[in-house]
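J.: After the structure tokens below, expect a handful of questions from me.
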Amino acid sequence: QVQLVESGGQLVQAGASLRLSCLASGRSFKGYSMGWFRQAPGKERIFVARVNWNTGDTNYADSVKGRFTISRDNAKNTVYLQMNNLQPDDTAVYYCAARHNPWNLAFRDPADFGSWGQGTQVTVSS
């Protein structure tokens, strides 16, 4: 069965950098899009970034463009989210997600992703 395990979240100060990891297991992720989403308290889960497992093509939410970088290491079955210049508004639980996407469609809605990790908390203090 598919398992996605996030790690790396912690409390940091504004302006700091942090790298989240998502260890994926349970199946081959060839042809998948891997996504990062986040959910702040009292708010809905929203798209942050995605990467194509095969090609490394990426896409980002406007709020994180230029600050966050998503990448994947296929040999390690791991997806990363490098977060730079973190701000208090970035505070959220960050979730890794996956869906089969052989045509590399531009999925951004959480409902389009069928597999999810348990999340890792990122807290940014001012």
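The values are calculated or read from the model by the stated rules, or taken from the named source; none is laboratory data. What you see is a predicted model, and the numbers here were worked out from it, not measured in a lab. Every residue, glycine among them, receives a Cβ derived from its backbone with ideal geometry; neighbour counts consider all protein chains shown. Ligands, DNA and RNA are stripped out before the accessible areas are found, and what is left, the full protein with its side chains, is counted by its heavy atoms. Shrake-Rupley method; radii C 1.70, N 1.55, O 1.52, S 1.80 Å.
J.: Normalised by the number of residues in the chain, what is the relative contact order in percent for Cα pairs under 8 Å and 6+ residues apart?
T.: Details: 313 pairs, mean separation 45.3, N = 126.
Answer for the chain is 36 percent.
J.: Once the other residues with Cβ under 15 Å from the Cβ of SER125 are scored (Lys, Arg +1; Asp, Glu -1), what is the net sum?
T.: Its environment carries a net charge of -2.
J.: Using +1 on the beta carbon of Lys and Arg, -1 on that of Asp and Glu, and nothing else charged, what's the dipole of region 29-126 about the Cα centre, debye to 20?
T.: It works out to roughly 180 debye.
J.: Nearest 0.05, what FRET efficiency do GLN87 and ASP57 give at R0 = 22 Å with Cβ-Cβ as r?
T.: Values: r = 26 Å, r/R0 = 1.19.
So, using R0 = 22 Å, E works out to roughly 0.25.
J.: Skipping prolines and chain starts, which residues have an amide H placed within reach, meaning under 5 Å, of the one on VAL48, given they are 5 or more residues away or on another chain?
T.: TRP36, PHE37, ARG38
J.: Here is a further query. What is the magnitude of the charge dipole of region 71-126 about its Cα centre, with +1 placed on the Cβ of each Lys and Arg, -1 on the Cβ of each Asp and Glu, and no other charges, expressed in debye to the nearest 20?
T.: 220 debye
J.: Amide H neighbours of SER115 under 5 Å, at least 5 residues apart or on other chains, H built in the peptide plane: list them.
T.: Answer set, sorted by chain and number: ALA98.
J.: Positive end of the charge dipole of the chain (Lys, Arg +1 and Asp, Glu -1 on Cβ, about the Cα centre): tell me which of ASN77, GLN118, PRO41 has its Cα farthest that way.
T.: In the chain, that residue is ASN77.
J.: Please calculate how many Å² of accessible area the chain carries per residue, with a 1.4 Å probe and no DNA, RNA or ligand atoms counted.
T.: Heavy-atom accessible area per residue stands at 51 Å².
J.: Could you go through region 8-21 in sequence order and give the Karplus-derived ³J(HN,Hα) for each residue, using 6.51 cos²θ - 1.76 cosθ + 1.60 with θ = phi - 60°, rounded to whole Hz, and x for Gly and Pro?
T.: After applying 6.51 cos²θ - 1.76 cosθ + 1.60, I find x, x, 6, 7, 9, 8, 3, x, 6, 10, 8, 10, 8, 10 Hz.
J.: So what are the ³J(HN,Hα) numbers for region 98-115, from phi and the Karplus equation (6.51, -1.76, 1.60; θ = phi - 60°), rounded to whole Hz, Gly and Pro as x?
T.: 9, 8, 5, 8, x, 8, 6, 6, 8, 6, 9, 7, x, 5, 7, 10, x, 10
J.: Among rounded, prolate and oblate, which fits the chain when a ≥ b ≥ c are the square roots of the eigenvalues of its C-alpha gyration tensor, a/c under 1.5 means rounded, and a/b larger than b/c means prolate?
T.: Judged from the Cα gyration tensor, the chain comes out prolate (a/c at least 1.5, a/b above b/c).
J.: List the trypsin sites (Lys or Arg not before Pro) in region 1-40 that DSSP assigns to loop (not H, G, I, E or B) and whose Cβ has at most 14 other Cβ atoms within 10 Å. Which are they?
T.: Qualifying residues, ordered by number: ARG27, LYS30.
J.: Right, something else. Could you please state how large a percent of the accessible area of the chain is carbon and sulfur, counting protein chains only and using a 1.4 Å probe?
T.: Carbon and sulfur together cover 46 percent of it.
J.: Ok, one more. For LYS65, give me every one of the aspartates and glutamates with a C-alpha distance below 15 angstrom, ignoring sequence neighbours fewer than eight places off in its own chain.
T.: Cross-link targets: ASP57, ASP89, ASP90.
J.: Follow-up question, since we're still on this one. How large is ³J(HN,Hα) for each residue in region 86-91, as worked out from phi by the Karplus curve 6.51 cos²θ - 1.76 cosθ + 1.60 (θ = phi - 60°), to whole Hz, x for Gly and Pro?
T.: My calculation for region 86-91 gives 5, 10, x, 5, 7, 4 Hz in order.
J.: Would you please give the residues with an amide H less than 5 Å from that of ARG72, counting only those at least 5 places away or on a separate chain, with H modeled from the backbone geometry?
T.: For ARG72, whose amide H was placed from the backbone, the distant partners under 5 Å are TYR80.
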